[in-house]
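The values are calculated or read from the model by the stated rules, or taken from the named source; none is laboratory data. Note that the structure is a prediction, hence the values are computed from the model and not measured. Neighbour counts are summed over all protein chains in view; Cβ atoms, including those assigned to glycine, are modelled from backbone coordinates with ideal geometry.
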Amino acid sequence: MHFDYKIWRPIVCASLVALSANLAHADSYSLENAVTTAQRQDPWVQGSLKRQESLDALSVEAGSLPDPSVSLGVANLPIDTFDFSQEGMTQFKVGVSQMFPRGKTLSLKREKLQKLSEMQPYARADRNAQVAVTVAQLWLDTYRSEQTIYLIEQDRGLFEHLVDVAQSSYTTASGRTRQQDLVRAQLELTRLDDRLTRLYQQRDMSLAKLGEWLGDPVITLSENENSESLIELKAPSLIKERDRSTKLRQLSDVLSLHPKIKRIDQKINAFDSGVKLAKQSYKPQWGVNASYGYRDQTPLGDDRSDFFSVGVSFDVPLFTGKRQDKKVQSANAELEAVKTERALVLRQLKASYDSAEAMYLRLVERKFLFDSRLLKEMAEQAEASLSAYTNDDGDFAEVVRARIAELNARIEALHVDIDMQKNIAQLNYFHAGENLKIEQISPAQ
């Protein structure tokens, strides 16, 4: 007694429908809409705005003079009587002193913090570009699963037909169909069901990850997309350039505009101001003080003149070997470290671009091979094997293998198309600096 697939298939389908029932009233997102929504709702951007706002506020504070000091006191009070008018030198004193930082310390501190603040717009631009890549790849992974499910469901009827043919031929003994052929046909149908279950699982996982970026736990994909033109390649001329020296020059120009590099350039400017700030330690620090001394009348009632004092103080940085020199040395070392960071990031970007470009070119070759020959040849092989079996000149197992191979070839062609789209999204990331507009305003404004 064999187990008829027509009995248990509705059970499997019902479970798959149950897993997808919550998508019935979900919001639908196209690729472009998903990317823009994720960028708009990214909480990291709000954190960057707050960091910029904090640095802007600190720059204003750093450029302000320190608060003046006020002193109050009684001088030369006789301790035998504590009489304020007894002695001529007894006075009530009020003093004010103000310190002035060395050289251009205030303006340089403010300049450094402003340049650190101006790194944030470039950081946000790079973040937006990264979010575009991540969300596009998640969307495309989901799209790949859905299209693969569609291809398998489309061919399911053909495999069911093969099972019916094998069962009819075996029952009537009109052909050369054996029991193992019937079992093989039913097995392939069962494996298709298992494959569908795994694809639904992959799709649901991709949708969940995509929903995290969109802030929407229940979503679906728009169905009016064409896998041939999901993402437009921003710089096909750079891909097609064959002269290596010209290509390297163009790539260097493109990457030098990338927001990740521009952010480090702004950091270099900030640390350059830090070197200038450290050199201000060689200059003296000045201070001004003034005081007023009030005196009471003499015991006989005569008025006494009040006192006014004013003075200037400054330090003299004579021993600079272990203080100022080391401070400047440290600032220079920090600046060189940031320059090294820029060279490292630029090298990483170039290597990543070369890898993505090489993958793209190979995918183009594979797509051409699938479109021009492979899909056609696989279809011809499947038709030939079926025709031979129909004419009692072929093996049923070969028919099943040929149909499975054709289906796998069409699925693989779909994967090549999707991988090309994902690769284009990655390549477009490296052109994020082109037409980049950074608004030079503070978050508060």
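Scanning the stretch 320-337 for residues that are of a type in the set (S, T, N, Q) and surrounded by fewer than 17 Cβ atoms within 10 Å (Cβ to Cβ), which turns out nearest to Ser281 (Cα to Cα)? Before you say what the answer is, go through the steps one by one.
Here is the first cut: in the stretch 320-337, the ones of a type in the set (S, T, N, Q) are 320, 324, 329-330, 332.
After this cut, where a residue has to be surrounded by fewer than 17 Cβ atoms within 10 Å (Cβ to Cβ) as well, the list is 320, 329-330, 332.
Working: Thr320: 9, Gln329: 12, Ser330: 13, Asn332: 14 Å.
So, considering only residues that are of a type in the set (S, T, N, Q) and surrounded by fewer than 17 Cβ atoms within 10 Å (Cβ to Cβ), the one nearest to Ser281 (Cα to Cα) is Thr320.
In this entry, Asp325 passes the filter for residues that are out of contact with any strand residue (DSSP E or B) (no Cβ under 9 Å at 6 or more places or on another chain), under 30 Å from Thr105 (Cβ atoms) and free of Cβ contacts under 8 Å to residues at least 12 places away in the same chain.
Residues in the stretch 191-222 that are without any contact (Cβ under 8 Å) to a residue 60 or more places away in the chain and in contact with a Ser or Thr (Cβ under 8 Å, 6 or more places away or on another chain): Leu199 only. Of all residues in the stretch 25-67, those being of a type in the set (D, E, K, R) and surrounded by 15 or more Cβ atoms within 10 Å (Cβ to Cβ) number 5. Of the residues making up the stretch 272-311, those that are β-branched (Val, Ile, Thr), outside any helix (DSSP H, G or I) and either out of contact with any strand residue (DSSP E or B) (no Cβ under 6 Å at 6 or more places or on another chain) or surrounded by 13 or more Cβ atoms within 10 Å (Cβ to Cβ) (or both) are Val288, Thr298.
So in the stretch 50-108, with the set limited to residues that are among the hydrophobic types (A, V, I, L, M, F, W, C) and part of a loop (DSSP other than H, G, I, E, B), which one is farthest from Ser305 (Cα to Cα)?
Just the residues of the stretch 50-108 that are among the hydrophobic types (A, V, I, L, M, F, W, C), to begin with: 55, 57-58, 60, 62, 65, 70, 72, 74-75, 77, 79, 82, 84, 89, 92, 94, 96, 99-100, 106, 108.
The next check asks that each one be part of a loop (DSSP other than H, G, I, E, B); those that pass are 65, 77, 79, 82, 84, 89.
Values: Leu65: 34, Leu77: 17, Ile79: 22, Phe82: 20, Phe84: 14, Met89: 11 Å.
Only one residue tops the list, namely Leu65.
Looking across Ala384, Ala397, one residue alone is more than 24 Å from the chain's Cα centre (by Cα), modelled with pLDDT of 85 or more, farther than 27 Å from Ser145 by Cα and small (Gly, Ala, Ser). It is Ala384.
I need the full set of residues from the stretch 409-441 which are polar (S, T, N, Q) and modelled with pLDDT under 90, in order please. First the steps, then the outcome.
Looking only at the stretch 409-441, we keep the residues that are polar (S, T, N, Q), and these are 421, 423, 426, 428, 435, 440.
Hits for the stretch 409-441 are Asn435, Gln440.
For Leu369, state whether it is surrounded by fewer than 16 Cβ atoms within 10 Å (Cβ to Cβ), assigned to a helix (DSSP H, G or I) and touching a residue at least 40 places away in the same chain (Cβ under 8 Å). No: the conditions fail for Leu369. In the set Asp253, Asp243, only one residue is at pLDDT below 95 and over 25 Å from the mean Cα position of the chain (by Cα); that residue is Asp243. When Thr340 is tested against (1) surrounded by 11 or more Cβ atoms within 10 Å (Cβ to Cβ); (2) assigned to a helix (DSSP H, G or I), just one condition goes unmet, and that condition is (1).
Scan the stretch 39-92 for residues that are of a type in the set (Ser, Thr, Tyr) and in contact (Cβ under 8 Å) with a residue 60 or more places away in the chain and report the count.
So the count comes out to 4.
Taking the conditions (1) in a helix (DSSP H, G or I); (2) acidic (Asp, Glu); (3) in contact (Cβ under 8 Å) with a residue 40 or more places away in the chain; (4) closer than 30 Å to Lys260 by Cα in turn, Glu434 satisfies each one other than (1).
Please find, among Gln147, Gln52, Gln154, Gln114, the residue that is modelled with pLDDT under 90, of a type in the set (S, T, N, Q) and over 30 Å from Gly293 (Cβ atoms).
Residue meeting the stated conditions: Gln154.
Arg403 passes every criterion in (1) at pLDDT below 90; (2) surrounded by fewer than 19 Cβ atoms within 10 Å (Cβ to Cβ); (3) under 24 Å from Arg191 (Cα atoms) apart from (2). Name the residue that is nearest to the chain's Cα centre (by Cα), counting only residues in the stretch 69-90 that are over 20 Å from Gly301 (Cα atoms) and among the polar types (S, T, N, Q). Among those residues, the one meeting the criterion is Ser69.
With respect to the conditions (1) modelled with pLDDT under 95; (2) buried (at least 16 other Cβ atoms within 10 Å of the Cβ), Val131 falls short on a single one, namely (1).
Would the stretch 309-320 turn up any residue that is in contact with a helix residue (DSSP H, G or I) (Cβ under 7 Å, 6 or more places away or on another chain) and on the phi < 0 side of the Ramachandran plot? Yes, there is a match, as at least one residue in the stretch 309-320 is in contact with a helix residue (DSSP H, G or I) (Cβ under 7 Å, 6 or more places away or on another chain) and on the phi < 0 side of the Ramachandran plot.
Within the stretch 322-368, being more than 25 Å from the chain's Cα centre (by Cα) and hydroxyl-bearing (Ser, Thr, Tyr) holds for one residue alone: Ser330.
Scanning the stretch 258-268 for residues that are outside any loop (DSSP other than H, G, I, E, B) and over 20 Å from the mean Cα position of the chain (by Cα) turns up at least one hit.
Looking at (1) under 30 Å from Phe430 (Cα atoms); (2) free of Cβ contacts under 8 Å to residues at least 24 places away in the same chain, find the lone condition where Asp302 falls short. Every condition holds for Asp302 apart from (1).
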